[in-house]
Every structure is written in C-alpha cells, then in structure tokens.
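The values are calculated or read from the model by the stated rules, or taken from the named source; none is laboratory data. Quick caveat, the model's predicted, so the values are computed rather than measured. Please note: Cβ atoms are built from the backbone with ideal geometry, for glycine as well, and neighbour counts cover all protein chains shown.
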Amino acid sequence: MSRILIIEESHDTWDGMQPDLEKAHTLSFWPLDDDLGMHLQKKDYEIILLNFQMQKSDSFAMLQQIQQASPHTPVIGIGEVEEASLIVQAIKEGAFDFVIKPFSLEKILLAIKRGIENRNLKNQIDYLKRRQDVVYDFNRIIAVSPSMRRMIATLKKFSQTDSTILITGETGTGKSFLSGAVHFNSSRRDKPFIKINCANLPETLLESELFGHEKGAFTGANKTRVGRLEQARGGTVFLDETGELTPSLQAKLLRVLEEKSFERVGGNKTIFSDVRIIAATNRKPEVQVEEGHFREDLYYRLNVLRVHLPPLRDRHECIKPLAGYLLGKICRNLKKQIADFSPNVMEAFHSYSWPGNIRQLANTIERATILENTHIIQLQNIILPELHRAVSLNSNAREVLPAQPAESLADREKEAIIKALEECLWIQKDAARKLGVSPRGTSRKKSSAGAMALLS
C-alpha cells in the first residue's frame with residue numbers, strides 16, 4: 001500500500017473519500033503547527049497532497065521544504081479556485097500535478113497513480129545511472145601495468161573536454177568499454193551514448209544507420225528514420241573500426257566533425273546535431289593515409305586527442321586481476337560457483353601471447369567455466385594453442401589426465417571452431433566466415449555443439 005501525506009487545514013474534503021482511498025493507500029494528515037522538514041526526514045511517502053490555498057501557512061515555503069527533505073516524492077497541488085497564475089507557479093516550482101476542488105474520487109486516484117508511476121520511473125533512472133557510474137568508474141578499471149595507468153590518467157583528462165578522441169589498439173583490447181568510461185565521466189553523461197561498429201554493415205546500411213533516411217529514399221524505406229547521429233544529439237557517438245569506412249562515408253563524417261551537420265539519405269534538409277565523436281581503429285591510421293585508403297583531412301580531425309591501448313601481452317600484470325574479474329562475472333551469469341584458477345592455469349595465462357586480447361581471455365574462461373565441475377578451473381578445460389608447450393611444469397607436478405574416449409564428430413567440430421576462432425583473433429564473424437557457417441546455421445548448431453556458443 002502506498003503512503004500518502006495530505007497537507008490540508010480541514011479534513012472535510014476527505015471524509016467521504018477516505019474509506020475508498022484507504023483500500024489501496026495509507027493516508028496521513030499533516031498538523032500544520034509541526035516541523036514538516038523534520039518529519040519528512042524521518043518518514044517516507046510515495047505522494048504528498050498539498051493545498052496551495054491554506055490561510056495559516058505559506059504553501060510555497062512548504063513545497064520547498066518537501067523538495068529539500070524528500071526530492072523524489074511527487075507533490076500534487078490542490079486548489080479551491082481555478083487560478084491560472086497559482087497553478088503555473090506551483091508547477092514551475094516543482095509540483096508534479098494540480099487538481100481543483102471539488103474533485104471526484106476517480107480524478108484524485110488517477111492523479112495519485114500518475115504521481116507514483118513518476119516516482120518509480122525516477123527511482124529506476126537513478127538506479128541505472130548509479131550502476132553505470134560504477135561500471136564506468138575510471139577508478140574501478142583494472143589497470144595494474146604502468147602503461148595502462150598512464151593511459152587511464154590521460155583518458156580522465158580527455159573526458160573533461162568535448163574534443164574528438166581517437167583510440168588505437170588491437171582487436172579485443174577494450175576500446176569500446178573505455179569510450180563508455182569517457183562518456184559517463186564527461187559533462188555529456190546525462191545524454192545518449194551510442195556505439196556503432198563501422199565494419200559490421202555494408203556501406204548503404206551504415207549510411208542509413210548513421211545519418212537516417214527519408215521515406216522513399218530507397219527500396220524498403222517505408223518511413224522516415226532518424227539516424228544515430230541525430231538520436232545522440234548532445235551526447236557521444238563511439239565509431240568503432242573507422243578504418244573500414246568507405247571514401248564516401250569518410251567525406252560525410254568529416255562534415256559532421258567540422259560543421260555538426262548532415263542530411264538524411266534521400267533528403268535535402270540539413271540536420272544539426274551536437275555530438276562528440278570517439279573513434280577507434282585496430283589499424284595504423286598513418287599507414288592507411290599514406291596508402292590512400294583514408295582521408296588525410298579526416299585523420300587530422302579525428303586525431304585531436306589520441307591514446308593507444310596496449311595489447312594484453314604487454315601488460316601481464318593485468319592478466320590475473322582481469323581473469324578473476326571475468327570469472328566472477330561469468331559465474332554470476334551461468335549461476336556457477338567457481339572460486340579461482342589452479343596455479344598451472346595462471347602460469348598458462350601468463351605464458352600465452354593472447355592475440356585476441358581480453359575478448360579471447362573472456363571466451364577462454366567462459367568455455368572453461370561451462371566445462372568445469374569443481375570449484376577451481378583446471379588446466380584440462382583451458383584450450384589455447386600449444387598450451388602444454390607454453391606451460392613449464394615440473395615432471396613430478398605434471399597433471400595426469402584420464403584416458404579419453406575416441407574423439408566424436410561433435411568433439412572434432414568443437415576443435416575446428418576453436419581453431420578458427422584463434423586464427424581469426426577471436427573475431428566471431430570472421431571465424432564463422434572461415435568455417436563457411438552462416439549466422440542462422442551457427443544458431444542451429446549451438447544446441448548440439450557447445451563450442452558453437454563462442455561464435456554466437
């Protein structure tokens with residue numbers, strides 16, 4: 001039952017409604033001679049009904065007290081005369097709604113319902129904001145190695161500006177996550193944050209995704225669509241794999257950076273959108289410029305603030321804490337209880353070069369977690385190329401694995417999938433293409449081959 005506080009000089013209005021209201025709500029009436037602020041600090045209400053035409057009290061002063069003591073509690077104003085200036089001032093100073101006497105039970109119940117829904121929505125938004133702040137808190141990013149510490153310190157400074165950022169680094173190093181950290185620690189944190197992978201879509205679809213399109217712009221364009229750059233107005237757009245952009249899209253992106261404007265596909269109306277661009281690439285942009293594959297002027301526009309994300313093999317100090325964090329996250333998702341890795345697993349992790357970086361580490365741990373039946377991840381559940389040659393084990397400490405039955409077709413299929421993933425640096429779509437498996441076919445195989453989950 002919702003708790004409702006009614007601030008009114010007389011209870012006459014509520015006498016007839018009180019029995020019906022109390023079927024779904026708990027009503028309290030405020031004695032006007034007490035300290036309202038102190039009371040609200042001790043007791044919580046879902047809704048407060050405040051009469052703005054009381055003779056013995058300054059209603060606007062009380063509204064201010066409510067907002068200070070209980071800022072998320074909606075206030076519904078009540079008036080005995082439909083006075084436009086009073087209603088406008090009440091709403092302007094923070095009242096959620098306003099009803100005029102005499103009102104019906106249905107009308108006040110509807111106002112209360114809307115107020116409670118508004119309060120719940122604000123609470124959900126606040127929760128999501130707090131959760132995002134925790135996830136994207138620079139101080140919680142695992143950065144043990146000196147190179148990562150320097151890079152995080154640089155990004156903290158960059159997040160306080162509106163300038164374009166270029167993040168370079170190998171696939172799977174965490175460029176997308178760090179772009180989120182920049183956004184959620186910037187002045188744009190309350191605005192949209194949108195991620196777009198420029199390598200995942202053909203040119204025509206990517207152009208529509210970025211800039212939107214007008215109705216009839218092409219076959220199948222049955223209605224006008226707002227593009228991502230327009231949706232992100234005031235916020236941040238993360239463009240991953242910008243090295244894959246075609247010359248035509250490079251020219252249009254250059255205009256966005258220079259003028260904050262563009263046109264939808266098939267339209268001639270100029271759309272203005274103030275967005276911050278964070279670009280990322282796993283290629284060497286200077287080489288692309290020299291070879292004529294990337295516009296030099298766009299490169300200079302993107303390369304205002306630049307950081308390089310080192311590969312996992314160059315920050316071995318981060319491997320153990322990263323593996324522990326990933327194991328905890330994966331266990332929560334899979335509802336399993338696995339406490340740690342065996343010592344020889346950690347030795348293998350530190351000996352391996354990790355060409356697929358954090359993404360490959362995460363996939364390796366996920367597979368091992370699915371297969372593991374004990375409370376410690378064991379070496380036999382870790383699949384990495386040349387693992388047993390990479391791990392230096394004393395002969396008396398070497399694990400003796402039980403004899404394995406003849407390899408089944410499903411086992412060979414799993415190994416083929418894992419090998420393809422490793423050869424493609426754990427980029428799933430490339431591995432699927434190498435295997436000649438369509439996304440639809442991959443989805444069908446997931447149920448019969450556990451390793452196929454790594455491609456989904």
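Show me the helices (runs of 4 or more DSSP H) entirely contained within region 288-386 in which 3 or more residues are over 30 Å from LEU254 (Cα atoms) and among the hydrophobic types (A, V, I, L, M, F, W, C). So that I can check it myself, show each step before the final result.
Values: elements: 296-302, 319-334, 343-351, 357-371.
Fully inside region 288-386 and qualifying: 319-334, 343-351, 357-371.
Between residues in region 190-206 that are under 13 Å from ILE277 (Cβ atoms) and in the same structural domain as VAL237 (by TED's automatic domain parsing) and residues that are at pLDDT 90 or above and among the polar types (S, T, N, Q), which pairs lie under 8 Å by C-beta distance while being six or more apart or on different chains?
Going by the 8 Å Cβ cut-off, the qualifying pairs are PHE193/THR236; ILE194/THR236; LYS195/SER176; LYS195/SER179; CYS198/THR242.
Tell me, yes or no, whether region 132-152 has at least one residue that is modelled with pLDDT of 90 or more, basic (Lys, Arg) and assigned to a helix (DSSP H, G or I).
The answer is yes; a qualifying residue exists.
A quick yes/no check of all residues on (1) surrounded by fewer than 18 Cβ atoms within 10 Å (Cβ to Cβ); (2) of a type in the set (Val, Ile, Thr); (3) within 21 Å of GLU117 (Cβ to Cβ):
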position: ASP12; (1), (2), (3): yes, no, no
position: GLY16; (1), (2), (3): yes, no, no
position: ASP20; (1), (2), (3): yes, no, yes
position: THR26; (1), (2), (3): yes, yes, yes
position: MET38; (1), (2), (3): yes, no, no
position: ASP58; (1), (2), (3): yes, no, no
position: GLU80; (1), (2), (3): yes, no, no
position: ILE100; (1), (2), (3): yes, yes, no
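GLU22 fails exactly one of the following numbered conditions: (1) out of contact with any Leu (no Cβ under 8 Å at 6 or more places or on another chain); (2) touching a residue at least 24 places away in the same chain (Cβ under 8 Å). What is the number of that condition?
(2)
Which residue is nearest to the chain's Cα centre (by Cα), if the candidates are limited to region 56-113 and must be part of a loop (DSSP other than H, G, I, E, B) and among the hydrophobic types (A, V, I, L, M, F, W, C)?
Step one: of region 56-113, the residues part of a loop (DSSP other than H, G, I, E, B) are 56-58, 70-74, 80-83, 93-96, 101-104.
With the extra rule that they be among the hydrophobic types (A, V, I, L, M, F, W, C), the set shrinks to 81, 95-96, 103.
Details: VAL81: 47, ALA95: 32, PHE96: 29, PHE103: 44 Å.
The qualifying residue nearest to the chain's Cα centre (by Cα) is PHE96.
Table: residues versus (1) in contact with an Asp or Glu (Cβ under 9 Å, 6 or more places away or on another chain); (2) within 29 Å of PRO202 (Cβ to Cβ); (3) of a type outside the set (Ser, Thr, Tyr).
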site: LEU239; (1), (2), (3): no, yes, yes
site: GLY243; (1), (2), (3): no, yes, yes
site: LEU254; (1), (2), (3): yes, yes, yes
site: ILE277; (1), (2), (3): no, yes, yes
site: HIS293; (1), (2), (3): no, yes, yes
site: CYS318; (1), (2), (3): no, no, yes
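Do we find a residue being farther than 26 Å from LEU326 by Cα and touching a residue at least 60 places away in the same chain (Cβ under 8 Å) anywhere in region 138-157? Steps first, answer last, please.
We begin by selecting, within region 138-157, every residue farther than 26 Å from LEU326 by Cα; these are 157.
In the following step, the residues that additionally are touching a residue at least 60 places away in the same chain (Cβ under 8 Å) were identified as none.
No - not one qualifying residue is present in region 138-157.
Take the conditions farther than 30 Å from GLY172 by Cβ and either without any contact (Cβ under 8 Å) to a residue 60 or more places away in the chain or surrounded by 15 or more Cβ atoms within 10 Å (Cβ to Cβ) (or both) and apply them to GLY227. Does it pass? Show your work before the answer.
Numbers: farther than 30 Å from GLY172 by Cβ: no; either without any contact (Cβ under 8 Å) to a residue 60 or more places away in the chain or surrounded by 15 or more Cβ atoms within 10 Å (Cβ to Cβ) (or both): yes.
So GLY227 does not fit the description; no.
Any idea how many residues of region 5-26 are in contact with a helix residue (DSSP H, G or I) (Cβ under 6 Å, 6 or more places away or on another chain) and outside any loop (DSSP other than H, G, I, E, B)?
Step one: list which residues in region 5-26 are in contact with a helix residue (DSSP H, G or I) (Cβ under 6 Å, 6 or more places away or on another chain), which gives 17, 20.
Now narrow it down to the ones that are outside any loop (DSSP other than H, G, I, E, B): 20.
Selection size over region 5-26: 1.
I'm trying to understand the selection: among the residues of region 187-223, which are touching a Phe, Trp or Tyr at 6+ places or on another chain (Cβ under 6 Å) and surrounded by 18 or more Cβ atoms within 10 Å (Cβ to Cβ)?
Residue satisfying the conditions is PHE211 alone.
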